[in-house]
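The values are calculated or read from the model by the stated rules, or taken from the named source; none is laboratory data. The structure presented is a predicted model; accordingly, all values stated were derived computationally and were not measured. Note: ideal-geometry Cβ built from the backbone for every residue, glycine included; neighbour counts use all protein chains shown.
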Amino acid sequence: MWYLIDAARPDRVVRHIPGEGVARERSLQRAVRPGFLTALAEVAIAEAVDSGRTCERRALIRGAGFDVVAVPIAGYEGAVAAVRLWVGATGAPRDDPPPADVFVWHGPQWTLRSGGLGGAVLPAGHPLLHGAWFLSRVLECEGRDRLIAAALEPRPGTGWEGPMRVLTADGDIARVYGWFRYHAPDRLRGLLLRAEAGHEPDLALPAHHHDTTATLLGGTTALIDLRNMQIIEWLTPPLPGIAWRHHPASHGTAPPPRSDHNLLSSHLIHPGDREDYLRVLTELAGGRQESGRMTVRLLTVDGGWVPVELHAVRHAGAPDRFLSCLIQPVGDVART
């Protein structure tokens, strides 16, 4: 049987039983028995984390052979982030492990940082992905606002876990189980395990992430965090062709990772439009305006510029920290 272990919590395992469509977390000592086999698994996990290489062990218990295999999963910049653990009788069939993602969610930068290997949700070749892009892949999850709040302000004891219905890296729809826990100041650790194979999407009415009004307007809407100056969630799918930071479609156009990258220092705004853009954004952030409207040119994935109108507004009764922004192409620009 395969288990998934977060390298930050090597005494806990996530167990997935094929066919049941569920995943559960429990202690390593309860999941792997008897005690000698538990100790062997602990050694294999520790060696895989320390060395970054697959570790295999074999034991003879009461005349029966058992294999223990620990396979490391690389995280951001190569450090081992998790371990896949196989425990089973020697010679028993060993199915492929279910796809999994392990990453660190950096709150102020609103980026997911992984090994770029690809897995349950994250596409291969993208070690940095924007948090708004990730949330756009989450079709259903209970307590979505609680998950976003935990990522915005990671604190010891905060987190979220449960099932999700997601768009996978290959465009399929699948059920995954997610665990999000405090990792370090400003950082949340995420672990996703696919628990059910892809299937045809259910019939559903348009949801907030596919808002009909914004679609008819030919634009998109975004939720902005004024404290960190980041787009935290796409309320409707982002405009295609724009070089959105750390979006898979913008591969090769994203700026280098910086600790201060935000909407004030965005590479998306044409240099000739920055002065007016910064003035309006600063007025909104300072609470001196309830709404703002401007036309700017945004960088495209092919290196050009496209004019769009930005209309940002605060909502009555909403926290001053957030505002919504409609981003709409101008004039004869294609809106598909």
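Just the residues that are buried (at least 19 other Cβ atoms within 10 Å of the Cβ) and not in a strand (DSSP E or B), please, taken from the range 217-227.
Answer for the range 217-227, where residues must be buried (at least 19 other Cβ atoms within 10 Å of the Cβ) and not in a strand (DSSP E or B): G219, L226.
Matching residues to (1) under 24 Å from E47 (Cβ atoms); (2) touching a residue at least 40 places away in the same chain (Cβ under 8 Å):
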| residue | (1), (2) |
| --- | --- |
| A100 | yes, yes |
| W105 | no, yes |
| L112 | no, yes |
| A120 | no, yes |
| C141 | no, no |
| R155 | no, no |
| T168 | no, yes |
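Just to verify a result, which residue in the range 244-257, among those that are surrounded by 13 or more Cβ atoms within 10 Å (Cβ to Cβ) and among the small types (G, A, S), is modelled with the lowest pLDDT?
Once the filter is applied, the top-ranked residue is A254.
crowded, with 19+ Cβ neighbours inside 10 Å and within 19 Å of the chain's Cα centre (by Cα): is that true of I231 in this structure?
yes
For the range 1-52, please list each of the strands (runs of 3 or more DSSP E) lying entirely inside it that holds at least 1 residues being in contact with a Lys or Arg (Cβ under 9 Å, 6 or more places away or on another chain), loosely packed, with under 14 Cβ neighbours inside 10 Å and of a type in the set (S, T, Y).
23-27
Please verify whether P98 is modelled with pLDDT under 95 and more than 20 Å from R57 (Cβ to Cβ), treating the condition exactly as stated.
When the stated conditions are applied, P98 passes them.
From the set of residues in the range 179-205 that are in a loop (DSSP other than H, G, I, E, B) and at pLDDT below 90, which is nearest to the chain's Cα centre (by Cα)?
In this case the residue turns out to be P201.
Is it the case that D67 is charged (D, E, K, R), out of contact with any Cys (no Cβ under 9 Å at 6 or more places or on another chain) and outside the structural domain of E47 (by TED's automatic domain parsing)?
No, not satisfied.
Keeping to the range 152-178, report how many residues are closer than 14 Å to V138 by Cβ and within 14 Å of the chain's Cα centre (by Cα).
11
Report yes if some residue within the range 16-30 is at pLDDT 90 or above and closer than 22 Å to P93 by Cβ; otherwise report no.
no
Which strands (runs of 3 or more DSSP E) sit wholly inside the range 258-329 and have at least 3 residues that are surrounded by fewer than 17 Cβ atoms within 10 Å (Cβ to Cβ)?
Result: 291-299, 305-313.
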